[in-house]
Structures are given as structure tokens and as C-alpha cells.
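Encoded as C-alpha cells, the structure appears first; notes follow it.
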Amino acid sequence: GAFLYPAGCWDDDPVQVESTPARLWDWGDNPVSRGIRAALAGAKTASVPLKDWSAHYSVPRLVVMAPGSSAEIPVNVANDGREPWPVQADRDCRCIVHLSWHLRGPGGRLVRFEGARAALGKTVIQGETVRVALPITAPAAAGDYLLEVTLVQEKVAWFEDRGVEPGRILLRVRAGENAVRP
């Protein structure tokens with residue numbers, strides 16, 4: 001069969017299907033139903049890349065997890081810029097803003113560049129702060145890691161590449177931990 005995403009990035013919007021596989025069975029929001037709704041609503045206007053990259057993050061200093069476990073970490077994200085962050089992608093899956101993370105091991109060695117994405121839930125305007133549940137998965141090996149929390153404007157740039165400091169969390173992975181302790 002042929003396949004087309006006429007309504008943008010179904011697999012990334014509102015949240016990555018990898019982090020919530022139940023979306024694969026959602027009859028109300030799937031690529032076909034989304035395409036039909038988009039056709040009935042008319043053409044989407046194209047999103048544009050941000051010009052003013054400015055944000056800050058409020059994150060827990062320390063999170064303790066069991067090896068290989070998954071959790072959602074609460075993150076407050078503030079838009080310090082002069083333009084809103086788009087939360088809907090255009091037809092080319094561009095310009096939507098998501099929260100994500102990078103993971104570094106001992107000595108700052110990059111362990112995982114691209115973590116799961118989390119939707120902001122709404123367009124975030126200048127001066128506004130939103131609380132986002134960021135899905136993370138601990139590495140299989142015990143130890144101390146640095147979790148760098150950052151925004152990304154899809155197919156444009158990561159916010160830290162445009163001068164915005166990421167939020168930094170010490171991720172302590174310990175065998176025998178039952179739950180996440182922020």
C-alpha cells in the first residue's frame with residue numbers, strides 16, 4: 001500500500017509513538033483519521049523557524065532510578081524569548097517545539113544524544129512557563145550520569161546549539177531502586 005502523512009508528523013505529535021506505543025491503536029487519532037480531518041479543515045499554514053532562542057528550565061537537581069527503568073520527570077520550561085513556540089508541525093513535520101534530553105556519562109562522554117520527546121501541550125508565549133512530564137529511561141549500567149534537558153525545534157535546531165543552557169540533572173542509577181526519587 002501507499003502511505004502519506006498529509007497532516008504532519010502523526011508519530012511525533014502530540015508525543016512520540018515510541019514513548020507511548022498505545023497510540024498505535026488509537027482509532028480517534030491515527031494517520032488516516034488525522035489526514036481526513038486536515039483535508040476537511042483546509043491547508044495548514046507553514047510554521048517558521050524561531051529567530052529568538054531564549055528559554056530556561058527548572059529541573060530537579062538529582063533523580064535516582066533503577067537500571068533500565070523508565071519514568072517521567074517534572075520540568076518547568078519558561079519562554080524567555082519574544083515569539084511563541086509552535087506546538088503543531090507543518091506538512092513537512094518542521095518547526096514544532098518539543099522538550100527532550102541528552103545523556104552524558106563519566107567525563108562528559110555522550111551516552112545518548114537524543115532522548116524521548118515530550119509535547120509542550122500548548123503554544124507557549126513570551127514570559128509563559130509550562131510544566132512538562134519528560135519521559136526518561138535510565139541506562140542499563142549503574143553509575144552517575146548527567147541528564148541535559150533541552151528544547152528542540154524539529155528539523156531546525158536544538159536550543160543549546162543556539163546559546164540556551166540546558167537544564168542539568170544528576171541521574172544516579174542504582175541497582176535495587178524500586179522507584180524514581182526526584
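The values are calculated or read from the model by the stated rules, or taken from the named source; none is laboratory data. Please read these numbers as outputs of a predicted model, since none were measured by experiment. Positions of Cβ are generated from backbone atoms using ideal geometry, with glycine treated the same way; all protein chains shown enter the neighbour counts. Calculation scope for accessible area: heavy atoms of the full protein, side chains included, ligands and nucleic acids excluded. Shrake-Rupley method; radii C 1.70, N 1.55, O 1.52, S 1.80 Å.
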At most 16 other Cβ within 10 Å, DSSP loop - chymotrypsin sites (Phe, Trp or Tyr not before Pro), the range 92-182: Phe113
Apportionment of accessible area to carbon and sulfur, the range 52-182, percent (1.4 Å): 47
